[in-house]
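Some notes on the structure that comes next.
The values are calculated or read from the model by the stated rules, or taken from the named source; none is laboratory data. Given the structure is predicted, the values throughout are model-derived calculations rather than measurements. Quick reminder, even Gly has a Cβ in these numbers, built from the backbone with ideal geometry, and neighbours come from all protein chains shown.
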Amino acid sequence: MRSLMVVGADHLGLITEKLINTGFGEIHHIDGRKVNSVKKGIPENIDIVFVLTDYVNHNLAKVIKQKAKEKEKPIYFVKRSWSSMYAVIQEIKVGS
């Protein structure tokens, strides 16, 4: 099972359940509202990073992108909608 880190939004609602149903075993969520969110790193066990573009500030997006690059983790910028996330998940599955 793959693990996913989602950055942005206060809560994910039903998206968490849908992500689990598509094969993600662990979902780590950072809301991005607190100043300390920028300081948090990407855990080693994370396979993929999603940044919710409509719920995150530019500085946090930039920092997360750099940290993902340093750890050689794939990062995807998506909207907080299931259709946007699902399209990326399908691309990931096809590419795997």
Report whether or not ASN59 is surrounded by fewer than 13 Cβ atoms within 10 Å (Cβ to Cβ), outside any strand (DSSP E or B) and modelled with pLDDT under 90. yes
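Of all residues in segment 15-52 being of a type in the set (A, V, I, L, M) and free of Cβ contacts under 8 Å to residues at least 24 places away in the same chain, which is surrounded by the most Cβ atoms within 10 Å (Cβ to Cβ)? Give the derivation first.
Applying the first criterion (of a type in the set (A, V, I, L, M)) to segment 15-52 yields 15, 19-20, 27, 30, 35, 38, 42, 46, 48-49, 51-52.
Then keep just the ones that are free of Cβ contacts under 8 Å to residues at least 24 places away in the same chain; that gives 20, 35.
Details: ILE20: 14, VAL35: 8.
Looking at the filtered set, the residue picked out is ILE20.
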With the requirement that a residue be outside any helix (DSSP H, G or I) and either within 12 Å of the chain's Cα centre (by Cα) or at positive phi (or both), what does segment 44-56 give you? ILE46, ASP47, ILE48, VAL49, PHE50, VAL51, LEU52, VAL56
Hey, LYS65 surrounded by fewer than 16 Cβ atoms within 10 Å (Cβ to Cβ), out of contact with any Phe, Trp or Tyr (no Cβ under 8 Å at 6 or more places or on another chain) and touching a residue at least 12 places away in the same chain (Cβ under 8 Å) or not: yes
When the residues of segment 62-96 are filtered to those that are assigned to a loop (DSSP other than H, G, I, E, B) and in contact with a helix residue (DSSP H, G or I) (Cβ under 6 Å, 6 or more places away or on another chain), which remaining residue is modelled with the lowest pLDDT? ARG80
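I'd like to check something: does segment 7-14 contain any residue that is surrounded by fewer than 17 Cβ atoms within 10 Å (Cβ to Cβ) and among the hydrophobic types (A, V, I, L, M, F, W, C)? Even if it seems obvious, please write down each step before you answer.
Start the filter on segment 7-14 by keeping residues that are surrounded by fewer than 17 Cβ atoms within 10 Å (Cβ to Cβ), which leaves 10-11, 13-14.
Next cut, among the hydrophobic types (A, V, I, L, M, F, W, C) only: 14.
Yes, segment 7-14 contains a residue that is surrounded by fewer than 17 Cβ atoms within 10 Å (Cβ to Cβ) and among the hydrophobic types (A, V, I, L, M, F, W, C).
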Is at least one residue of segment 19-33 farther than 15 Å from TYR86 by Cα, more than 13 Å from the chain's Cα centre (by Cα) and not small (Gly, Ala, Ser)? yes
Under 9 Å between Cβ atoms, which residue pairs at least 6 apart in sequence (or on different chains) link something in segment 69-80 that is within 15 Å of GLU91 (Cα to Cα) and touching a residue at least 24 places away in the same chain (Cβ under 8 Å) with a partner that is charged (D, E, K, R) and not in a helix (DSSP H, G or I)? PRO74/ASP47
